[in-house]
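Down below is the structure, laid out as structure tokens.
The values are calculated or read from the model by the stated rules, or taken from the named source; none is laboratory data. All values reported here derive from a predicted model rather than from experimental measurement. Because the Cβ atoms are built from the backbone with ideal geometry, glycine has one as well, and the counts that use them run over all protein chains shown. Accessible surface areas use protein heavy atoms only, side chains included; no ligands, DNA or RNA. Shrake-Rupley method; radii C 1.70, N 1.55, O 1.52, S 1.80 Å.
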Amino acid sequence: MIYRAEHPKPQFMRENWQNLNGDWNFELDPGSSWEERGLYKNVASYSRHIQVPFCPESKLSGIEYKDFMNSVWYYREVELEESQLQGRVILHFGAVDYMATIYINGTKCGSHKGGYVSFAVDITEHVKAGTNTIIVNAVDDTRNRLIPSGKQSEKYNSYACMYTRTTGIWQTVWLEFVPENYIKKVKYITDVESGTLTIIAELAGKGTFLAEAFYQGKQMGNASRISEGGMAVLTLRLQEKHLWEVGNGRLYDLVLTYDKDVVKSYFGLRSIRLEDRKFLINGKSVFQRLVLDQGFYPDGIYTAPSDAELENDIKRSLAMGFNGARLHEKIFEERFLYYCDLHGYLVWGEFPNWGLDHSYADSIYGVLPEWLEEVERDFNHPAIIGWCPFNETWDQNNRKQFDEVLATVYKATKAADPTRPCIDTSGNYHVVTDVYDLHDYEQDPAVFAEHYKELGKTNRFNFPQALEERQTYDGKSPFFVSEYGGIGWSLKGDAWGYGNIPESPEAYLKRLKGLTDVLLDNENMFGFCYTQLTDVEQEQNGLYTYDRKPKFAPEVIREIFARKAAVEEA
């Protein structure tokens, strides 16, 4: 059985590809000496087998080794036919944590730093018809202050809100066979008012670049141009406007052709604007009912056991009354974002900045390169309605954050994507931001309401956790409480959550409704984000258990979250 056999890039699909998931040889390299000793070249050196794309810490990998692994090696053979070698051969990795080095037939031919984003290596010059060997070395030091690792525990065990680590390959590996003249990448910019799609493409070789748009099988427009390679820009005028909206993706299909290369894609037509403290989608104020989604799975850790489970987490969220999520301290895989696009599910793209010591100026090297790769990779997803590169930038050993790191990342984000708002650091400590947010885990609804009763009249808050000695709200930017609740509740009676655990189911629901009503009824907020969708290991404050069982009837929870908000338009 091969897990995760579906195409990993729904927004950029070619027919001529080969999934490399499945059984690989695997070995630990505790001394980080295998390359020096040449042991990686011989399959006999590998004593274990692993199921890619699951990390070795996971049950589904077949290994389930939980200790630190600073260096690991993967080995497999793949048969290629002469017909597959007529153009370019590209080896793709969904994600490898953290530093990956690739060897083809014994020759080092590529590397990548960053544990969360996709990358590819052109291996055309290194492969041959017949048997080829692919070797991957992954080096990962979770305790290194320059390596962002999100919610991966820097201790042996998981604790509090830190969980099982992920090492090495944790997303799909695949080969792609492309012509010599081909489409390297594309960027989509839509304009709701004019009903147009502009495509900025990077092309290899000479040819005619053609783009054709369809909606439910009906052609909506096309455009073409002759290119000598490099950058090409096309604008399609759409015959009909079908807006991407909350709860309704209304995706257009797109077929891109360049010489003999054909790519199937899609896009959504929608706009974002911030105005009068409101967050407007297609010119309409829509209250963002977000839930914190950590993206952990009990059997796959970072990796969903199936494609269906990616979509099911969105369906579970929708069933509880949410219309989106903060994708928290993790870069989610592209197939998850496809389902967000499909369902009209709002998401904020985040970066796993925890583990990175942001109190040093050189921490910029641990965040900016990979963050910009994420912004480029996911730019075309209409479901992503904002970026957030940092989360809760607390002091590190009594050292304050280096503000210029946050400011530089914010500015680089806006340069790479001026179409979306950017939150510099969610919760604290803001330096320069389009949206102001706070995290507030007060459990008493009456006290919770006091925190925000002056919002709209003044730029001050009524509680010390607003940290106003370190950050200042201008009173004009859109505002929301981007983490709240986190009410502990366990079917086993051993929950870890925020504040005291309610004494009964009735007390739980009363607190949940009281806290949520405070935010829904405040006309100066454009949304909220509840902590959290599911339990994760020992942190048991989810609306679902870790194995995705609802703790309360979804329709009961939905009634609390889904009612109309003060800022919402009919």
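Among the residues of region 270-283, none qualifies, meaning not one is in contact with a Gly (Cβ under 6 Å, 6 or more places away or on another chain), open to solvent by less than 30 Å² (accessible area, probe 1.4 Å), modelled with pLDDT of 95 or more and in a loop (DSSP other than H, G, I, E, B). Residues in region 229-254 that are surrounded by fewer than 16 Cβ atoms within 10 Å (Cβ to Cβ) and part of a strand (DSSP E or B) were compared, and the one that is farthest from the chain's Cα centre (by Cα) is 237. Find all pairs meeting these conditions: Cβ atoms under 7 angstrom apart; at least six residues apart or on different chains; first residue within region 331-355 and of a type in the set (Lys, Arg); second residue at pLDDT 95 or above. If the second residue must be at pLDDT 95 or above, the pairs left are 335/6; 335/8; 335/10; 335/307; 335/310. Suppose the filter is among the aliphatic types (A, V, I, L, M), at pLDDT 95 or above, open to solvent by 10 Å² or more (accessible area, probe 1.4 Å) and within 30 Å of residue 249 (Cβ to Cβ); does residue 412 pass it? Considered against the rule, which asks whether it is among the aliphatic types (A, V, I, L, M), at pLDDT 95 or above, open to solvent by 10 Å² or more (accessible area, probe 1.4 Å) and within 30 Å of residue 249 (Cβ to Cβ), residue 412 comes out as yes. Residue pairs whose Cβ atoms lie under 7 Å apart, separated by 6 or more positions or on different chains, with the first residue in region 72-95 and under 18 Å from residue 116 (Cα atoms) and small (Gly, Ala, Ser) and the second assigned to a loop (DSSP other than H, G, I, E, B) and open to solvent by 10 Å² or more (accessible area, probe 1.4 Å), are 94/8; 94/118; 94/171; 94/172; 94/333; 95/118; 95/171. Within region 271-307, the set of residues being under 18 Å from residue 383 (Cα atoms) and touching a Pro at 6+ places or on another chain (Cβ under 6 Å) comprises 274, 279. I'm checking my understanding of the structure. Among residues of region 88-112 that are open to solvent by 10 Å² or more (accessible area, probe 1.4 Å) and not in a strand (DSSP E or B), which one is nearest to residue 185 (Cα to Cα)? Step by step, filter region 88-112, then rank; the result is 98.
The set of residues in region 475-508 that are charged (D, E, K, R), at pLDDT 95 or above and under 29 Å from the mean Cα position of the chain (by Cα) contains only 483.
Can you pull out the residues in region 364-381 that are crowded, with 23+ Cβ neighbours inside 10 Å and either among the polar types (S, T, N, Q) or more than 25 Å from residue 428 (Cα to Cα) (or both)? 380, the sole residue that qualifies.
Taken over region 1-24, residues that are under 21 Å from residue 47 (Cβ atoms) and open to solvent by 30 Å² or more (accessible area, probe 1.4 Å) amount to 1. With the condition kept exactly as written, say whether any residue in region 432-445 is hydroxyl-bearing (Ser, Thr, Tyr), under 15 Å from residue 517 (Cα atoms) and out of contact with any His (no Cβ under 9 Å at 6 or more places or on another chain). Within region 432-445, one or more residues are hydroxyl-bearing (Ser, Thr, Tyr), under 15 Å from residue 517 (Cα atoms) and out of contact with any His (no Cβ under 9 Å at 6 or more places or on another chain). Of the candidates 410, 429, 452, 441, the single residue that is touching a Cys at 6+ places or on another chain (Cβ under 8 Å) and among the aromatic types (Phe, Trp, Tyr) is 410.
It is to be established whether one or more residues within region 285-297 are open to solvent by 30 Å² or more (accessible area, probe 1.4 Å) and either more than 30 Å from residue 456 (Cβ to Cβ) or assigned to a helix (DSSP H, G or I) (or both).
no
Of the residues screened, residue 308 is one that is farther than 21 Å from residue 531 by Cβ, among the hydrophobic types (A, V, I, L, M, F, W, C), open to solvent by 30 Å² or more (accessible area, probe 1.4 Å) and out of contact with any helix residue (DSSP H, G or I) (no Cβ under 8 Å at 6 or more places or on another chain). For region 27-45, does any single residue satisfy the condition of being surrounded by 15 or more Cβ atoms within 10 Å (Cβ to Cβ) and in contact with a Leu (Cβ under 7 Å, 6 or more places away or on another chain)? Within region 27-45 (the criterion being surrounded by 15 or more Cβ atoms within 10 Å (Cβ to Cβ) and in contact with a Leu (Cβ under 7 Å, 6 or more places away or on another chain)), the answer is yes, since at least one residue qualifies. The set of residues from region 115-147 being outside any strand (DSSP E or B), under 30 Å from residue 363 (Cα atoms) and touching a helix residue (DSSP H, G or I) at 6+ places or on another chain (Cβ under 9 Å) comprises 115, 116, 117, 118, 144, 145, 146, 147. Please determine whether any residue of region 509-525 is open to solvent by less than 10 Å² (accessible area, probe 1.4 Å), assigned to a loop (DSSP other than H, G, I, E, B) and touching a Lys or Arg at 6+ places or on another chain (Cβ under 8 Å). Within region 509-525, none of the residues are open to solvent by less than 10 Å² (accessible area, probe 1.4 Å), assigned to a loop (DSSP other than H, G, I, E, B) and touching a Lys or Arg at 6+ places or on another chain (Cβ under 8 Å). Listed by position, the strands (runs of 3 or more DSSP E) enclosed by region 18-83 include none that has at least 1 residues that are of a type in the set (Phe, Trp, Tyr) and modelled with pLDDT under 95.
Does residue 542 count as open to solvent by less than 50 Å² (accessible area, probe 1.4 Å), in contact with an Asp or Glu (Cβ under 9 Å, 6 or more places away or on another chain) and part of a helix (DSSP H, G or I)? Criteria not met by residue 542.
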